[in-house]
Amino acid sequence: MTATASPHPVVPPMFVSHGAPLFAVDAGETGPALTRWGQELRARFPGLRGVVLMSPHWMARGVRVTTGAQPATWHDFGGFPPALYELQYPAPGAPGLAQEVLDLLAAAGVAAQGDAQRPFDHGAWVPLRHLFPQADVPVVQVALPVGAGPTQVHALGAVLRPLAQQGVLLVGTGSMTHNLAEFMGAGGTEGGPDPYVQAFSRWVEDALRRRDVPALLDYRDRAPHARRAHPTDEHFLPLFFALGAAPQDWQAQYISREVMYRMLAMDAFALQPVV
């Protein structure tokens, strides 16, 4: 019997590091790489219906889903140049897609509520500004539940996996490394990447290459410098949302391995189905 292509190709889920808010205007190498990837996605999936995204900048008691038709752009940060606060990302919401998300969660026994007022936080609109600069792809956000660990976030991604076969891009956005105390400290941000940043990031890449999900789920005990890379884990947890949404057979395709400001690893990758 000759194998045939699936009538419902899988939109590969992504993990994207969004770095500091300045990434909106200081794109480095990662911003253009995301733009190229977004162009490739549009070419491969001309019927792209929308994005379902988890950001660490929306943490809620329980699972929440944005249901508004036109969420505002929220500048949820302080102390940056005025031009940053003038940026808008007027992507539409997707109430219909949000209901599909809520229905999948309900069918899996996950209690969830819609939120029609929630704006796009910078963990969403800053990377999307590079990925889809036209702001014309509808976006739904899913909150990161307070107190959830890697296993719970991975399970949420798995519940929403069917959407990837229905023209939806599932995205976890956070940061491959995120030590704010060092970033804001007196050590400076000039120079090459700190060795611990590279050690942690490449350990993650190697685990992805081996598809060693148990090791990744246990990263805080197994990865080198895990607690220095992530004193708190909210910026790493969205990686597990993308990983849970991955197809049964997947391989990581890296989009960026850049390190900005010496300590912010901007790794971005897609979880491609193995063909």
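Of the residues 218, 249, 206, only one is in contact with a strand residue (DSSP E or B) (Cβ under 8 Å, 6 or more places away or on another chain) and over 26 Å from residue 129 (Cα atoms); which?
Residue meeting the stated conditions: 249.
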For a quick check of your reading of the model, give me the residue pairs whose first member lies in the range 208-231 and is in contact (Cβ under 8 Å) with a residue 12 or more places away in the chain and farther than 17 Å from residue 17 by Cα, whose second is among the acidic types (Asp, Glu) and loosely packed, with under 14 Cβ neighbours inside 10 Å, with beta-carbon atoms closer than 9 Å and at least 6 apart or on different chains. 211/249
In the range 126-158, what residues are without any contact (Cβ under 8 Å) to a residue 60 or more places away in the chain and either in a helix (DSSP H, G or I) or acidic (Asp, Glu) (or both)? 136, 152
In the range 24-60, what residues are in contact with a Gly (Cβ under 7 Å, 6 or more places away or on another chain) and either more than 19 Å from residue 157 (Cβ to Cβ) or not polar (S, T, N, Q) (or both)? 45, 47, 48, 49, 54, 56, 57
Among helices (runs of 4 or more DSSP H) entirely inside the range 185-275, those with 2 or more residues being more than 19 Å from the chain's Cα centre (by Cα) are 195-209, 213-217, 219-222, 226-229
Search the range 52-77 for residues that are in contact (Cβ under 8 Å) with a residue 40 or more places away in the chain and pair each with any residue that is among the charged types (D, E, K, R) and in a strand (DSSP E or B) when their beta-carbon atoms are under 6 Å apart and the residues are at least 6 apart or on different chains. 64/115; 66/115
Give the residue that is modelled with the highest pLDDT, with candidates limited to residues of the range 175-208 that are under 12 Å from residue 265 (Cβ atoms) and acidic (Asp, Glu). 205
Read through the list (1) over 22 Å from residue 145 (Cα atoms); (2) at pLDDT 95 or above; (3) of a type in the set (D, E, K, R), then give the number of the only condition that residue 161 fails. (1)
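Is at least one residue of the range 207-225 aliphatic (A, V, I, L, M), surrounded by 15 or more Cβ atoms within 10 Å (Cβ to Cβ) and under 11 Å from residue 176 (Cα atoms)?
No - not one qualifying residue is present in the range 207-225.
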Provide a single number: the residues in the range 127-146 that are over 12 Å from the mean Cα position of the chain (by Cα) and over 18 Å from residue 105 (Cα atoms). 9
Within the range 50-72, take every residue that is touching a helix residue (DSSP H, G or I) at 6+ places or on another chain (Cβ under 8 Å) and surrounded by fewer than 21 Cβ atoms within 10 Å (Cβ to Cβ) and give me the one that is nearest to residue 171 (Cα to Cα). 63
Does any residue of the range 79-91 turn out to be on the phi < 0 side of the Ramachandran plot, part of a helix (DSSP H, G or I) and surrounded by 19 or more Cβ atoms within 10 Å (Cβ to Cβ)? no
Among the residues of the range 231-244, is there at least one that is touching an Asp or Glu at 6+ places or on another chain (Cβ under 7 Å) and surrounded by fewer than 19 Cβ atoms within 10 Å (Cβ to Cβ)? no
Does the range 10-21 hold any residues that are under 20 Å from residue 180 (Cβ atoms) and outside any helix (DSSP H, G or I), and which are they? 15, 16, 17, 18, 19, 20
Pull out all pairs, ordered by first then second residue, where Cβ-Cβ is under 8 Å, the residues are six or more apart or on different chains, the first lies in the range 21-43 and is under 25 Å from residue 10 (Cβ atoms), and the second is aromatic (Phe, Trp, Tyr). 30/23; 38/132
Six or more apart or on different chains, Cβ under 8 Å: which pairs go from a residue in the range 236-255 that's farther than 13 Å from residue 210 by Cα to one that's among the polar types (S, T, N, Q) and assigned to a helix (DSSP H, G or I)? Could you list them? 240/151; 255/30
Across the range 22-49, which residue is surrounded by the fewest Cβ atoms within 10 Å (Cβ to Cβ) among those that are among the aliphatic types (A, V, I, L, M) and in a helix (DSSP H, G or I)? 43
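The values are calculated or read from the model by the stated rules, or taken from the named source; none is laboratory data. Please read all numbers here as calculations on a predicted model, not as lab measurements. Note that we place each Cβ from the backbone using ideal geometry, even for glycine, and neighbour counts take in every protein chain shown.
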